[in-house]
Amino acid sequence: MSIPIRNIWWLMLYASDLGKSTDPAQLAAEDLPEEIPDLVAEILARTVEQRQRRQLSTAFRQREAVLSRVRGRIDHLTTSRRQLLAKGQVACRFEELTIDSPRNRFVRAALETVARLVSQPALAHRCRGLAHALRLQGVVGEPPSRQQISNERFGRHDAIDQPMLAAARLAMDLALPTEDAGPHSLLDPQRCVHWLRRLYERAIGGFYRLHLNEAKWVVSTGKPLSWPLCEATSGIAQVFPSMRTDIVLDRRDPPQRLVIDTKFTSVYTRGWHREQSLRAGYIYQLYAYLRSQEGRHDQTAPWADAAAGLLLHPAIDTEVDESVQIQGHQLRFATVDLSASHTELRARLLQLVPEV
């Protein structure tokens, strides 16, 4: 499958998965289409808004000050030279926690930068407003360089900052890949089919997380499902396979669930005594996702008992959209044309979700 490199970029934007692969190919940069800065700005604004629902991360910074009591280490030379002890003071060097960290300054700078590039006035105003809010919270220092921010490391307690910082890097870079040789390192997708398959799955999940209204929809990726096991032997838990979906879309009111399984293969294969057939194994898998969740009589029942399933395959210059209902569950088999424009891709993916 030959996917236009521009659409590889769009997939990476939605998946936020730049720079995590090895064996890079050298790719160049071309002029950005108008919608790319808007898309990057939307991703950045959304991640910053989500992050601000909790207290922003703080960092230690070095300070020097003349104090009336000892804090940190005493600067003996300054204290003696300025005869501070006679005044009841002492020069100190110490660390203090601050919200004005390099990470937060970089995000503020990215918001200010991308606000100047977008074509939508409302989106530009939104980005400037978020940057101003960060300034009001105390993020006022000069932003670090791209090289300095690349040294940022995340631990268990601040991993929540990663999506926001990744989006800020996208906004500060805004270099669209092509297939010509150039100075920017990026994975050549043709060299790693597994990476491209995973990218496709994450991009579809990222698309719906970005474009569906949070007040009406809950978007889950990698959602584990439990089997309705009973009369199990003592060792079955160690050997029985688990279920994990690619994407689950739950509409809040009225309750409706759509289970999406992304497959990076052709939607059809050669069948028994016929040229084209849907892949039986995929149908069995989706059927198990839907039927195994029925009759739970818990808070998930309104979504699970009549859930729909979608097998979503990529395609080039073609479109497939077939469906059938089996035992109260609609099963749909569809493709998304990865050679289409971004506007067409967006319309197609939203059209696959009922009553968006």
- prompt: Can you list the HN-Hα couplings for region 234-246, worked out from phi with the Karplus curve (6.51, -1.76, 1.60; θ = phi - 60°), rounded to whole Hz and with x for Gly and Pro?
  reply: 5, x, 5, 4, 7, 10, 7, x, 8, 10, 9, 7, 6
- request: Please work out the C-alpha center-to-center distance from region 298-345 to region 251-275 and express it in whole Å.
  value: 5
query: Which FRET efficiency, nearest 0.05, do residue 268 and residue 194 yield, Cβ-Cβ r, R0 25 Å?
result: 0.65
message: Give me a comma-separated list of calculated 3J(HN,Hα) values for region 102-113, in order, Karplus coefficients 6.51, -1.76, 1.60 applied at θ = phi - 60°, integers in Hz, x for any Gly or Pro.
response: x, 4, 5, 5, 5, 5, 4, 5, 5, 4, 5, 5
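Using a Förster radius of 56 Å, what is the FRET efficiency between residue 355 and residue 93 based on their Cβ-Cβ separation? Nearest 0.05, please.
Numbers: r = 62 Å, r/R0 = 1.10.
After rounding to 0.05, the efficiency reads 0.35.
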- line: Applied in sequence order to region 260-274, the curve 6.51 cos²θ - 1.76 cosθ + 1.60 (Karplus, θ = phi - 60°) yields integer Hz couplings, x standing for Gly and Pro, of 10, 10, 8, 10, 8, 9, 5, 5, 10, 9, 6, x, 6, 6, 8
task: Would you work out if region 214-284 is rounded, prolate or oblate? Take a ≥ b ≥ c from the square roots of the eigenvalues of the alpha-carbon gyration tensor; rounded if a/c is under 1.5, else prolate when a/b is larger than b/c, oblate otherwise.
output: oblate
message: Taking a cut-off of 23 Å, what percent of all Cα-Cα pairs in region 248-356 are separated by more than that?
response: 33
statement: Here the FRET efficiency for residue 86 versus residue 120, based on Cβ atoms and R0 = 51 Å and rounded to 0.05, is 0.25
task: List the chymotrypsin sites (Phe, Trp or Tyr not before Pro) within region 222-291 that fall in a DSSP loop (any state other than H, G, I, E or B) and whose Cβ has at most 14 other Cβ atoms within 10 Å.
output: 272
task: Please sort 240-249, 141-150 by packing, taking for each peptide the average over its residues of neighbouring beta carbons within 10 angstrom, highest first.
output: 240-249, 141-150
message: To test your reading of the geometry: what angle, between 0 and 90 degrees and rounded to tens, separates the Cα axis of helix 5-15 from the longest principal axis of the chain?
response: 70
- line: Note to self: with every protein chain in place and a 1.4 Å probe, the chain gives an accessible area per residue in Å² of 56
message: Whole angstrom only: what separates the Cα centroid of region 212-229 from the Cα centroid of region 90-165?
response: 31
message: Between residue 238 and residue 128, what is 0.36 nm times their sequence separation minus the Cα-Cα distance? Round to one decimal in nm.
response: 34.3 nm
task: Report the net charge of residues surrounding residue 164, where surrounding means a beta-carbon distance below 9 angstrom and charges are Lys +1, Arg +1, Asp -1, Glu -1.
output: +1
query: Pulled fully out, how much extra length does the chain show between residue 322 and residue 62, if you take 0.36 nm times their separation in residues and subtract their Cα-Cα distance?
result: 87.3 nm
- request: Divide by every residue of the chain the summed helix terms, -39500 (n - 2.57) for each DSSP H run of at least 4, and state the resulting mean residue ellipticity at 222 nm, rounded to the nearest 500 deg cm²/dmol.
  value: -11000 deg cm²/dmol
query: According to a simple spin-label model (label point 7 Å from Cα along Cα-to-Cβ), what is the distance in nm between residue 280 and residue 78?
result: 7.9
field: Residue-span extension gain [residue 344 to residue 154] - 0.36 nm each, minus C-alpha spacing
entry: 64.7 nm
statement: Mean shadow area (nm²) of the C-alpha convex hull around region 122-176 is 5.1
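The values are calculated or read from the model by the stated rules, or taken from the named source; none is laboratory data. None of the values given here were measured: they were computed from a predicted structure. Cβ atoms come from the backbone with ideal geometry, glycine included; neighbour counts cover every protein chain shown. The area values use the complete protein model at the heavy-atom level, side chains included, leaving out ligands, DNA and RNA. Shrake-Rupley method; radii C 1.70, N 1.55, O 1.52, S 1.80 Å.
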